[in-house]
Amino acid sequence: MPSTVAQATAKNARKKAGLALSMERVLEECDHASVDFGADPVHDLRVALRRCRSMADGLLVMDPNPAWKQMKKAGKRLFRELGELRDAQVMEEWVQRLGNPDDPVTNALLQFLAGREAHLKQQAALALQEFDRKQWRRWITSLPRRAARMRTGSALFKHLALERWTEAYELQRQALRNRSQIGFHRLRIGLKRFRYIVENFLPEQHTAWSGDLKELQDLLGEVHDLDVLWATALQVSVFPDPESRSKWHSRILEERALRIEKYRSKMLGKASLWQVWRGQLPVGKQIESAALSRLKLWASFLDPDFKHSLHVARLALQLYDTLPVKQTPADSEPTDQRAILQVAALLHDIGRSKREKGHHKATCNLIERLTPPLSWSKEKMRWVGIVARYHRGALPGVGQKMLLGLTPGQRQSVQKLAGILRLANAFDADRNGHIQRLEVHAQNGFLEIAAQGYSPHHRIAESVAAARHLLETIYRQPLMVKPLRTTKPKLEARS
């Protein structure tokens, strides 16, 4: 049995791991950097801040709590000022590497950069004074608790890494096609965002990929440094003649080309690192499953009674699966309407996090602002928002603003899905999950819904009666609700 002291030490170590450890590191590096804002302390503080800000970026995708944005904003100015100072310090290193001590261009650049560095150190010192350490310490206590709800190494973070992989891969295609400075700069940022997700949330992949990711980041970072150096040299007019200008430009282009070629050797072809990384990220149905899990988790942080929404989603799918098929969706309608209904049901009450009255409208606004996860388009999420919007309140009629621009077939699909959601929500109006199973049967001239646990004398019967109207309008048939009779299994006769 481990001793009490050992258990306490292990528990304390777990508390200080991950986000908490990174946030503590920021405060430590603040003290180191404040001495003289030397190159190494500035770099270390930027790395510590960057790690916390990048973790907040990843967690904000899952958890919409405003504290993540506030934490990012708190370190934004300090991070920016340190970035400008670090750029000046790095340029000094490049000038010393590329130039000769007796070269007038070298001396002019170093003199300019020395003056700039002194000014930027003053700016960084002011930003450090304004950095609210007390608030940062409060976040060290609260934010890691929220982060603990999202398990590192899970399919959710692999899905997020695949999003970043997809974005960065497309940025490489653009950069290599146009070969512009801005193209490679955007590629550097895209690859950095992918690296941060792996580094912060996928420990197994980070162990295997960290060396390559760092090398590639350094290569693209140095390309950026060289571009900034050349732009600065032109801006301050340090070249006494065309010959010196041409000489320095050739040196910078040569160093830049070497790094781009090394990057290309690792990142092009069937055996490129892109394909190595892609092989350990979700594929096919895994992508769709992880996207749904992400939406569920996001909703659970907002919905004050998410258990109810989970139950409504189950009932809504039971209705969808047993209702008669009205027609094959037209080309202008999404074919995966079942998934749209499921997500609309899961998200239909998130607006309660903003307000109770009119929460269905707040729900729609939140969904509209949400960046769709990979495998979901903006258009599909728009449908989710519309269906969730009409789970209560006004009926989705022709005059509604939300339906402007939809074809008659699209409106009918929205009305059907909203009608199903309304009815499923009504079956759990008392929020106790009492009704567990629904079945729909087409009878002569009407639709019959058999509901396990339903009683016409129960108080939810009134809610069900009001909610069924929209589906009756769509199907142009009366809709009758009755209890679902369950047969008990017969006991085997004893011998």
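Some observations on this one:
- Odd one out for residue 145 among (1) outside any loop (DSSP other than H, G, I, E, B); (2) touching a residue at least 12 places away in the same chain (Cβ under 8 Å); (3) closer than 28 Å to residue 292 by Cα: (2)
- Residue within the stretch 46-63 that is open to solvent by 60 Å² or more (accessible area, probe 1.4 Å), in a helix (DSSP H, G or I) and over 30 Å from residue 293 (Cβ atoms) present: yes
- Of all residues in the stretch 160-186, those that are in a helix (DSSP H, G or I) have Cβ atoms under 8 Å from Cβ atoms of residues that are among the acidic types (Asp, Glu), 6 or more apart or on another chain, in 181/227; 184/227; 185/227.
- Take the conditions (1) open to solvent by 40 Å² or more (accessible area, probe 1.4 Å); (2) assigned to a helix (DSSP H, G or I); residue 240 misses just one of them, which is (2).
- Number of residues in the stretch 220-237 that are part of a helix (DSSP H, G or I), among the polar types (S, T, N, Q) and exposed (fewer than 14 other Cβ atoms within 10 Å of the Cβ): the value is 1.
- Screening the stretch 159-189 for residues that are open to solvent by less than 60 Å² (accessible area, probe 1.4 Å) and among the basic types (Lys, Arg) and picking the one that is nearest to residue 281 (Cα to Cα) gives 164.
- Where a residue in the stretch 284-297 is under 16 Å from residue 345 (Cα atoms) and its partner, wherever it lies, is small (Gly, Ala, Ser), with Cβ under 6 Å and at least six apart: 291/375
- Residue in the stretch 23-39 that is surrounded by the most Cβ atoms within 10 Å (Cβ to Cβ), counting only those that are part of a helix (DSSP H, G or I) and charged (D, E, K, R): 29
- Contact map, the stretch 210-234: residues that are in contact (Cβ under 8 Å) with a residue 12 or more places away in the chain paired with residues that are outside any helix (DSSP H, G or I), Cβ distance under 8 Å, separation 6+ or inter-chain. Pairs shown: 233/239.
- Taking every residue in the stretch 363-382 that is of a type in the set (D, E, K, R) and pairing it with any residue that is open to solvent by 20 Å² or more (accessible area, probe 1.4 Å), at least 6 positions away or on another chain, the pairs with Cβ-Cβ distances below 6 Å are 378/372; 380/334.
- Filter result for residue 204 (part of a helix (DSSP H, G or I), over 20 Å from residue 54 (Cβ atoms) and either open to solvent by less than 10 Å² (accessible area, probe 1.4 Å) or free of Cβ contacts under 8 Å to residues at least 60 places away in the same chain (or both)): no
Quick grid of which residues meet (1) within 28 Å of the chain's Cα centre (by Cα); (2) at positive phi:
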residue: 237; (1), (2): no, yes
residue: 242; (1), (2): no, no
residue: 246; (1), (2): no, no
residue: 254; (1), (2): no, no
residue: 258; (1), (2): no, no
residue: 262; (1), (2): no, no
residue: 268; (1), (2): yes, no
residue: 281; (1), (2): yes, no
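Each row is one residue, and each column tells you yes or no for (1) open to solvent by less than 60 Å² (accessible area, probe 1.4 Å); (2) within 30 Å of residue 57 (Cα to Cα); (3) in a loop (DSSP other than H, G, I, E, B); (4) modelled with pLDDT under 95.
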site	(1), (2), (3), (4)
252	yes, no, no, no
255	yes, no, no, no
281	yes, yes, yes, no
286	no, yes, no, no
296	no, yes, no, no
318	yes, no, no, no
325	no, no, yes, yes
344	yes, yes, no, no
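- Across the stretch 363-396, the number of residues qualifying as under 20 Å from residue 419 (Cβ atoms), open to solvent by 10 Å² or more (accessible area, probe 1.4 Å) and part of a helix (DSSP H, G or I) comes to 3.
- The numbered conditions (1) at pLDDT below 95; (2) within 20 Å of residue 55 (Cα to Cα) are all true for residue 177 except (2).
- Residue count for the stretch 327-342, restricted to those that are over 20 Å from residue 442 (Cβ atoms), at pLDDT below 90 and of a type in the set (Val, Ile, Thr): 1.
- Contact map, the stretch 121-132: residues that are more than 19 Å from residue 43 (Cβ to Cβ) paired with residues that are open to solvent by less than 80 Å² (accessible area, probe 1.4 Å), Cβ distance under 8 Å, separation 6+ or inter-chain. Pairs shown: 126/81; 130/77; 130/78; 132/74.
- Filtered residues of the stretch 353-362 (kept if surrounded by 14 or more Cβ atoms within 10 Å (Cβ to Cβ) and assigned to a loop (DSSP other than H, G, I, E, B)): 354
- For the stretch 93-135, filtering for residues that are closer than 20 Å to residue 32 by Cβ and open to solvent by less than 70 Å² (accessible area, probe 1.4 Å) leaves 10.
The values are calculated or read from the model by the stated rules, or taken from the named source; none is laboratory data. Everything quoted here is computed from the prediction, not taken from an experiment. As a convention, Cβ positions derive from the backbone with ideal geometry for all residues, glycine included, and neighbour counts pool all protein chains shown. Side chains are part of the model used for accessible areas, which takes the heavy atoms of the whole protein and leaves out ligands, DNA and RNA. Shrake-Rupley method; radii C 1.70, N 1.55, O 1.52, S 1.80 Å.
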